[in-house]
Amino acid sequence: MRDRTLVLRQTIPLHMIWTFILGLALLLAQTIAATAQSRPDSFADLAEKVSPSVVNITTSTTVATSAQPAPVVPEGSPFEDFFRDFLDRNGPNGQSPRRSQALGSGFVISEDGFIVTNNHVIEGADEILIEFFEGFELEAEIIGTDRNTDLALLKVESDEPLKFVNWGDSEVARVGDWVMAMGNPLGQGFSVSAGIVSARGRALSGSYDDYIQTDAAINRGNSGGPLFNMNGDVIGVNTAILSPNGGSIGIGFAMSSRVAENVIQQLKDFGETRRGWLGVRIQDVTDDLAEGLGLEEARGALVTDVPEGPALEAGMEAGDVILSFDGVDVADTRGLVRQVGDTEVGKEVRVLVFRNGETETLRVTLGRREEAERPVPASVNRDEPITSELNGLTVSNLTDELRQQLNLPDSAEGLVVADVAEDSEAFEEGLRAGDLITEAGQEKITTVKQLEDRIAEAKEAGRKSILLLVRRDGDPRFVALGITDS
């Protein structure tokens, strides 16, 4: 039996064995490559699925023409009747308002006719016309707008339910993921382009910016259109491009659905945004500031001023470092501003702050930012906070005469910076003559002696810098200034 098995094995040709092994290896390689690439063979099915929900937007605006003097025609001239008819048609100055049109894009988010677009697409429009993929048109009204995120919500009335798309989760989108943009580029209508997510978390100019960068072609007219993931969900609202010539060079920006969905829901519910408001002025924590504050790492948001508002009522103080807000760690000021703005007005949140070497939890009931954004009277303006040693810095006690010269209120207290040597660290850190130092080492100071005492205490504690609070031209700022033995 053993001899027979040996004979059978010897009868299988060697080339057949190698052919089988190579074929198996090739099949395995193809499977691995297909899995790793995950590139769609075509975007056709996706485009066909979402096209009925994407719209072209045409806006019309009345633009007044500049006044021109009426033509002077001699009485009895053969042209007298012609010019009289011209003036009757175009007004006493021979002019009439003209209509200006603009094009943009948008997308339907509900079967009852709510449509999302950019604020700049419809801003100032007298008439908004929505063109649907199937070929029909409807007039739209503005429900609400938000300039901070350049978003707008429109509404059309339709006898039939409209096809719509859903919001997707922009937070799970990764750099390198495929995306598809749709819109009305350069007035060409219902155009599709594809690309990848080039970057996330881009900021252009606003406090609430959270843009997805993509190389999918976006041109003028694409504004307000959707950026889709491969499931057909909207993860961004196409808003802007970076270009030296006005055309697409592969750097486009779409406001993330994380921001857009929340803003649009507020516009739908209230016709306006209602962002949370903490009521503090803040700055990022640098390495120098972290050392001066006694923080182990440079993170969080340093509170430079606490005007009247929710934070003041909760006991927050200038010099506090906000480490977490509503259970979420704070990395920097930008992240905190966005998180506070996204939080419900009136909600009580826990705010963890670092103060005098220890952490403390404050309970803050948020106000509404839109109601708080009013001009601040000059009498309550404060200057920038700063830190420094006396080396290269000349300070003076504050007198009534100096208060008058510096236009400071009678209640102002602190030390006036009389001079700053240009070759000193204080000058490099931005201290200038006329600055008012109100705190040193997070304690109020009114005399030179008190400043010297705070510096001595910092040295004894082994600190390499001291934190000064300086007020200048209405804005407070903290600066960590190095201290040396003298």
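Can you list the strands (runs of 3 or more DSSP E) found entirely within segment 407-486 that contain at least 1 residues being over 37 Å from the mean Cα position of the chain (by Cα) and over 14 Å from G392 (Cα atoms)?
415-420
Restricting to segment 298-331, name every residue that is of a type in the set (D, E, K, R) and closer than 13 Å to L366 by Cα.
The answer is E308, E313, D326.
Select from segment 126-154 the residues that are in a loop (DSSP other than H, G, I, E, B) and either surrounded by fewer than 20 Cβ atoms within 10 Å (Cβ to Cβ) or among the charged types (D, E, K, R) (or both) and list them in ascending order.
Correct list: D126, F133, E134, G135, F136, R147, N148, D150.
Table: residues versus (1) surrounded by fewer than 23 Cβ atoms within 10 Å (Cβ to Cβ); (2) modelled with pLDDT of 90 or more; (3) within 16 Å of F107 (Cβ to Cβ); (4) touching a strand residue (DSSP E or B) at 6+ places or on another chain (Cβ under 6 Å).
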{"site": "R220", "(1), (2), (3), (4)": "yes, no, no, no"}
{"site": "G232", "(1), (2), (3), (4)": "yes, yes, yes, no"}
{"site": "G236", "(1), (2), (3), (4)": "no, yes, yes, yes"}
{"site": "T239", "(1), (2), (3), (4)": "no, yes, yes, yes"}
{"site": "I251", "(1), (2), (3), (4)": "yes, yes, no, no"}
{"site": "I264", "(1), (2), (3), (4)": "no, yes, yes, yes"}
{"site": "F270", "(1), (2), (3), (4)": "yes, yes, no, no"}
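Can you name the residue in segment 448-462 that is among the aliphatic types (A, V, I, L, M) and farther than 18 Å from N356 by Cβ and, of all such residues, is surrounded by the fewest Cβ atoms within 10 Å (Cβ to Cβ)?
Filtering segment 448-462 for residues that are among the aliphatic types (A, V, I, L, M) and farther than 18 Å from N356 by Cβ, the one surrounded by the fewest Cβ atoms within 10 Å (Cβ to Cβ) comes out as V448.
Here are some residues: G294, G300. Which one is touching a residue at least 60 places away in the same chain (Cβ under 8 Å), assigned by TED's automatic domain parsing to the domain that holds T361, among the small types (G, A, S) and out of contact with any Pro (no Cβ under 8 Å at 6 or more places or on another chain)?
Exactly one residue qualifies, and that residue is G294.
Answer yes or no: is there a residue in segment 233-247 that is over 25 Å from T58 (Cα atoms), without any contact (Cβ under 8 Å) to a residue 12 or more places away in the chain and over 17 Å from the mean Cα position of the chain (by Cα).
Yes: segment 233-247 contains one or more residues that are over 25 Å from T58 (Cα atoms), without any contact (Cβ under 8 Å) to a residue 12 or more places away in the chain and over 17 Å from the mean Cα position of the chain (by Cα).
Please give the strands (runs of 3 or more DSSP E) falling wholly within segment 249-358 in which 1 or more residues are under 21 Å from the mean Cα position of the chain (by Cα) and of a type in the set (F, W, Y).
Ranges flagged: 252-256, 321-325.
The values are calculated or read from the model by the stated rules, or taken from the named source; none is laboratory data. Please read all numbers here as calculations on a predicted model, not as lab measurements. Quick reminder, even Gly has a Cβ in these numbers, built from the backbone with ideal geometry, and neighbours come from all protein chains shown.
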